[in-house]
Amino acid sequence: MKLQFLGGTREVGRSAILVDDRLLLDYGMLTGNPPQFPVGSVDPEAVVVSHGHLDHVGAIPTLLSGDARPPIHWTPPTYELAMTLARDTLKLHGGTYSCPFTENDLKRVTEVAETHGYRETFEAAGYEVTLYNAGHIPGSAHVLVDDGETRLLYTGDFHTDSARGQRLVSGTTARPEADVVVCESTYSDVDHEPRAEVERRFVESVRTTLWEGGTVVVPAFAIGRTQELMLVCAAHDIDCYVDGMGQGVTRMLRSYPEFVRDADALKRATSNARFVTGRDGQRRRIARKNTVVITTSGMLSGGPAMTYIPEIRTDPVNKIAMTGYQVEGTPGRELLDRGRCELNGGVVPVAAQAEAYDFSAHADADGLRSLLDEYGGARVLVNHGDRCEAFAAELRDDGFEATAPELGETVRV
């Protein structure tokens with residue numbers, strides 16, 4: 001089996017792996033200015049997608065810009081999320097380098113999409129492929145590829161700890177037999193704080209601000225994180241508003257109850273939240289209320305958050321609760337590090353309190369090891385992280401046959 005790493009190596013973004021020049025696993029983009037896409041040209045017979053985040057699906061429509069029409073295999077939520085993200089990219093960047101596909105390309109995706117449930121084996125480009133719940137976001141999957149001689153497990157992004165894990169999805173317990181494991185390593189040197197403790201601190205902080213008469217703005221990723229925080233607020237009887245793309249994602253996920261941990265809890269959380277239309281100055285009125293607003297974008301790089309933050313930034317009673325990783329150079333990172341951020345074209349000081357909470361949907365160091373410990377005899381290829389080489393070296397020290405491929409590298413297994 002020949003694996004070509006076209007992206008996602010020694011970085012987080014633009015994940016793409018080509019198997020034997022026939023089967024493509026993911027095809028994402030690395031957001032930035034300008035964005036980056038997988039290297040080389042590809043013409044796969046079929047595509048399998050692990051989950052619906054931009055770094056794994058962002059470039060999928062470009063595969064259909066020519067004459068080729070490879071079938072694209074994914075779970076139903078991943079298909080829906082990929083289409084949502086693509087439409088948003090077209091809306092924001094259509095006709096520019098930041099959007100290398102057209103509306104016609106997007107329509108073609110609907111013509112070739114084939115959806116599958118977990119543990120449902122199907123044929124793709126001559127391989128037997130099976131998707132397993134990866135516990136990252138609804139619909140996320142480990143991808144097992146079997147050519148009759150070699151069994152390749154592509155973990156995608158995953159979360160393992162159900163007991164201390166997310167309210168939205170259960171952690172992965174799948175451990176299919178495999179000869180080769182391509183494993184993500186996003187948090188390979190991090191031990192996540194127990195989720196119950198993160199929730200406790202978040203809820204206590206929010207309640208304190210509300211009691212003092214302040215407003216809490218909670219920037220959150222639309223896919224997964226918004227719904228997780230809605231569930232947290234509902235579980236602790238905290239009223240909230242929800243704004244941005246997360247509203248549509250929430251409605252969609254409620255159509256696939258089998259892909260969430262507790263469909264009834266998500267229904268209650270949706271009833272507990274008030275969705276924002278944004279009409280007639282609604283956002284500015286909400287920002288002046290004694291309330292909680294969960295809104296995109298998660299790194300303050302755009303979206304409705306850009307209306308709320310200017311309204312609350314000058315009052316130190318107010319709070320901005322960051323709930324996801326803040327990439328270096330983003331306004332969210334600038335806010336946490338320096339107490340200021342870019343708003344409406346200028347960098348301004350923020351007097352409102354800025355806090356960070358680790359609601360990560362990725363496995364930490366212990367979670368990664370708990371999965372890999374089941375594959376002691378397998379070859380491990382480390383990707384999707386800022387310290388892939390270091391993690392591979394740590395694995396080798398513990399007896400694994402582990403390496404970290406470089407961008408564009410071909411590995412035979």
inquiry  = Test of understanding: in a Gaussian network model of the chain with alpha carbons linked when under 10 Å, which of Ser360, Ser65, Ser170 would top the mean-square fluctuation ranking?
reply    = Ser65
request  = With a 1.4 Å probe and every protein chain kept in, tell me what percent of the accessible surface of the stretch 285-413 is carbon plus sulfur.
outcome  = 43 percent
inquiry  = With a 1.4 Å probe and all protein chains left in place, how much accessible area per residue does the stretch 1-108 have, in Å²?
reply    = 37 Å²
request  = Rank Val203, Gly135, Gly156 by how far each Cα sits towards the positive end of the charge dipole of the stretch 106-216 (+1 on Lys, Arg Cβ; -1 on Asp, Glu Cβ) and give me just the farthest.
outcome  = Val203
note = By the C-alpha gyration tensor axes a ≥ b ≥ c (rounded if a/c is under 1.5, else prolate when a/b exceeds b/c, else oblate), the shape of the stretch 185-294 is oblate
key: Residue with peak Gaussian network fluctuation, the chain [Cα springs, cutoff 10 Å], from Val317, Val169, Val347   = Val347
message = Can you compute 3J(HN,Hα) from phi for each residue in the stretch 263-278, using the Karplus curve 6.51 cos²θ - 1.76 cosθ + 1.60 with θ = phi - 60°, rounded to whole Hz and x for Gly and Pro?
response = 5, 5, 5, 5, 4, 5, 5, 5, 5, 6, 8, 10, 7, 9, 8, x
query = From the Cα gyration tensor of the stretch 306-413, with a ≥ b ≥ c the square roots of its eigenvalues, which class applies: rounded if a/c is under 1.5, or else prolate if a/b is larger than b/c, or else oblate?
reply = prolate
task = List the longest stretch of the chain that has no exposed loop site; here a site is one of the GluC sites (Glu not before Pro) assigned by DSSP to anything other than H, G, I, E or B, with at most 10 other Cβ within 10 Å.
result = 150-327
task = Could you check which residue among Ser205, Ser50, Ser188 shows the biggest mean-square fluctuation in a GNM of the chain with a 10 Å Cα cutoff?
result = Ser205
ask   = If the stretch 1-79 were replaced by its equivalent ellipsoid, with semi-axes equal to the square roots of 5 times the Cα gyration tensor eigenvalues, what would those be, largest first, whole Å?
value = 17, 15, 13
message = With the cut-off at 1.5 for a/c, could you classify the stretch 261-370 from its C-alpha gyration tensor as rounded, prolate or oblate?
response = oblate
ask   = Between Val190 and Asp373, what is the spin-label point distance in nm, taking each point 7 Å from the Cα along the Cα→C-beta axis?
value = 2.2 nm
note = What helix-only [θ] at 222 nm does the chain give? Using -39500 (n - 2.57) per DSSP H run of at least 4, over all residues, to the nearest 500, the answer is -8500 deg cm²/dmol
ask   = Taking the mean number of other Cβ atoms within 10 Å as a proxy for protection, how do you rank 142-148, 233-239 from highest to lowest?
value = 142-148, 233-239
Hits among lysines - C-alpha to C-alpha of Lys107 under 25 Å, sequence gap 8 or more where chains match = Lys91
inquiry  = Can you compute the charge dipole magnitude of the stretch 1-77 about its Cα centre, using +1 on each Lys and Arg Cβ and -1 on each Asp and Glu Cβ, nothing else charged? Give it in debye, rounded to the nearest 20.
reply    = 120 debye
request  = Calculate the length of the line joining the C-alpha centroid of the stretch 175-200 to that of the stretch 300-348, in whole Å.
outcome  = 28 Å
query = Cα-based Rg of the stretch 128-231 per 2.2 N^0.38 Å, rounded to two decimals?
reply = 1.38
ask   = What does the convex hull of the Cα atoms of the stretch 236-320 come to per residue, in Å³, rounded to a whole number?
value = 113 Å³
inquiry  = Please compute the length gained on full extension between Thr96 and Val317, using 0.36 nm multiplied by the number of residues separating them and subtracting their Cα-Cα distance.
reply    = 75.5 nm
request  = Calculate, for the stretch 217-271, the solvent-accessible area per residue in square angstrom, rolling a 1.4 angstrom probe over the heavy atoms of the protein chains.
outcome  = 36 Å²
key: Rounded percent of accessible protein surface that carbon and sulfur make up, the stretch 102-202, 1.4 Å probe   = 41 percent
query = According to a simple spin-label model (label point 7 Å from Cα along Cα-to-Cβ), what is the distance in nm between Asp20 and Arg268?
reply = 4.9 nm
note = HN-Hα couplings for the stretch 131-147 via Karplus (6.51, -1.76, 1.60; θ = phi - 60°), in whole Hz with x for Gly/Pro, come out as 9, 10, 4, 9, x, 9, 9, x, x, 5, 9, 6, 10, 9, 10, 10, 9
key: Cut-off 19 Å, label 7 Å out along Cα→Cβ of Lys107, residues of the stretch 31-63 by amide N   = 60-63
message = If you build the convex hull over the alpha carbons only and average its shadow over all orientations, what do you get for the chain? Give it in nm² to one decimal.
response = 18.8 nm²
Percent of Cα-Cα distances greater than 20 Å, calculated over the stretch 1-159 = 44 percent
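The values are calculated or read from the model by the stated rules, or taken from the named source; none is laboratory data. Since this is a predicted model, take the numbers as computed values, not measurements. Here Cβ is always computed from backbone atoms with ideal geometry, including for glycine, and neighbour counts include all displayed protein chains. Keep in mind that these areas ignore ligands, DNA and RNA; they rest on the heavy atoms of the full protein, side chains included. Shrake-Rupley method; radii C 1.70, N 1.55, O 1.52, S 1.80 Å.
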